[in-house]
Amino acid sequence: MTATENKITIKRPDDWHLHLRDGATLSAVLPYTAALYGRAIVMPNLTPPVTNVAEAAAYRDRILDALPDGWSFKPLMTCYLTDNTDPDDVERGYREDVFTAVKLYPARATTNSEFGVTAWENIRDVLARMEKIGMPLLIHGEEADPEIDIFDREAAFIDNVLNDWMIRDYPELKIVLEHITTKEGAEFVADAKGNIGATVTPHHLVLNRNDLLAGGIRPHLYCLPIVKRDKHRVALRVAVTSGDNSFFLGTDSAPHPISAKETDCGCAGIFNAPNAIEVYANVFEEMDALDKLEAFASLNGPGFYGLEPNRDTITLERKSCMVMGEIDIPESDDSIRPFLSGEHLNWSVTKT
Ligand code: NCD
Ligand code: ZN
């Protein structure tokens with residue numbers, strides 16, 4: 001890493017939590033990630049979800065086909081865990097280098113999670129096998145019980161699942177608590193052993209629930225887990241700049257057509273792939289911790305997954321840039337609005 005006050009060069013980052021979708025949307029959004037990141041953990045919550053080795057291999061081929069000619073980008077595939085997931089299929093996919101990890105969605109916790117896990121006893125054999133072979137479990141850590149307040153669902157999951165039985169019964173299981181949004185999440189990961197990590201999104205480092213709800217509801221800032229009180233945003237900022245290598249970059253870039261966001265029952269997800277690294281740079285600068293950006297963006301994730309960091313570098317400069325406008329979804333009349341579209345950021349990527 002080299003850094004001056006106005007310029008920083010870091011190893012090429014990876015995105016450890018990304019939604020690429022499929023079809024026309026995949027082709028429209030993929031270049032924003034592939035231009036900058038070496039690899040990405042690709043979420044399996046398509047409709048229908050990616051639940052076995054054959055579907056993951058086919059989805060990976062569609063992603064590679066959508067990649068512009070001559071670009072190098074490596075999609076790392078995940079298996080959507082259901083009540084019926086076969087431990088042998090999971091292990092085969094891992095050994096054959098199709099699956100990098102398994103994704104756990106509690107049923108009905110978020111977008112396209114209706115095929116997720118409905119009862120914990122249904123996944124015990126899979127968890128035991130993953131613990132044995134060292135395969136990471138990526139968790140959408142929110143209780144899906146409709147009785148639990150939406151702002152408390154992450155903390156409740158930590159109490160009722162992780163602390164109650166999962167880390168006791170599977171102490172060596174590698175776990176990534178995805179897109180943490182609370183002080184409780186940050187503390188849980190900081191206090192845990194080295195086999196537990198967390199991704200943190202750009203938007204949870206800059207937004208609190210007033211940004212979403214005060215003075216008018218802003219559907220493009222709605223995502224799950226929902227943004228919380230400001231003290232949680234502050235705790236996440238402290239965690240990612242603390243030097244603790246359990247925290248790493250995962251954008252949770254989750255594109256939806258504007259028609260599905262600006263409607264009676266708008267869906268959850270923020271499309272931040274075009275400017276995530278600039279937002280992270282802004283945050284690290286505000287925390288006086290630009291020297292920690294490279295570890296968060298480019299080293300801690302590979303370290304957790306047992307992979308080498310990327311070899312080449314990218315450069316960011318302190319240069320104001322305006323976040324781009326909407327992008328069209330081919331073969332439709334719809335478009336996707338990037339996070340902070342039309343606003344100015346202090347840092348720009350000047351070399352990829
Ligand atoms: C994601 C999506 O749209 O697929 N939405 C979101 O708000 N983050 C699903 C998820 O990661 O929860
Ligand atoms: Zn996600």
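Worth pointing out:
- Any hit, the range 76-94, residues being touching a residue at least 60 places away in the same chain (Cβ under 8 Å), within 16 Å of ligand 1 (Cβ to nearest atom) and buried (at least 23 other Cβ atoms within 10 Å of the Cβ): yes
- The residue pairs whose first member lies in the range 2-24 and is open to solvent by 50 Å² or more (accessible area, probe 1.4 Å), whose second member is within 16 Å of ligand 1 (Cβ to nearest atom) and part of a loop (DSSP other than H, G, I, E, B), and whose beta carbons are closer than 7 Å, counting only pairs six or more residues apart or on different chains, are Asp22/Leu46.
- In the range 110-137, the residues that are within 16 Å of ligand 2 (Cβ to nearest atom) reach residues that are open to solvent by 60 Å² or more (accessible area, probe 1.4 Å) with C-beta atoms within less than 9 angstrom, at least six apart or across chains, in these pairs: Asn112/Thr47; Asn112/Pro48; Glu114/Arg108; Phe115/Pro48; Gly116/Arg108.
- Counting only residues that are farther than 13 Å from Phe99 by Cα, open to solvent by 70 Å² or more (accessible area, probe 1.4 Å) and outside any helix (DSSP H, G or I), the range 44-75 holds 6 of them.
- Inside the range 186-239, residues that are within 23 Å of Asp288 (Cα to Cα), basic (Lys, Arg) and open to solvent by less than 30 Å² (accessible area, probe 1.4 Å) make up a count of 1.
- Of the residues in the range 117-140, none is of a type in the set (S, T, N, Q) and within 29 Å of Phe271 (Cβ to Cβ).
- In this structure, Asn300 does satisfy being in contact (Cβ under 8 Å) with a residue 12 or more places away in the chain and more than 16 Å from ligand 2 (Cβ to nearest atom).
The values are calculated or read from the model by the stated rules, or taken from the named source; none is laboratory data. The structure presented is a predicted model; accordingly, all values stated were derived computationally and were not measured. Please note: Cβ atoms are built from the backbone with ideal geometry, for glycine as well, and neighbour counts cover all protein chains shown. To get the accessible areas, we keep the full protein, side chains included, count just its heavy atoms, and leave off ligands, DNA and RNA. Shrake-Rupley method; radii C 1.70, N 1.55, O 1.52, S 1.80 Å.
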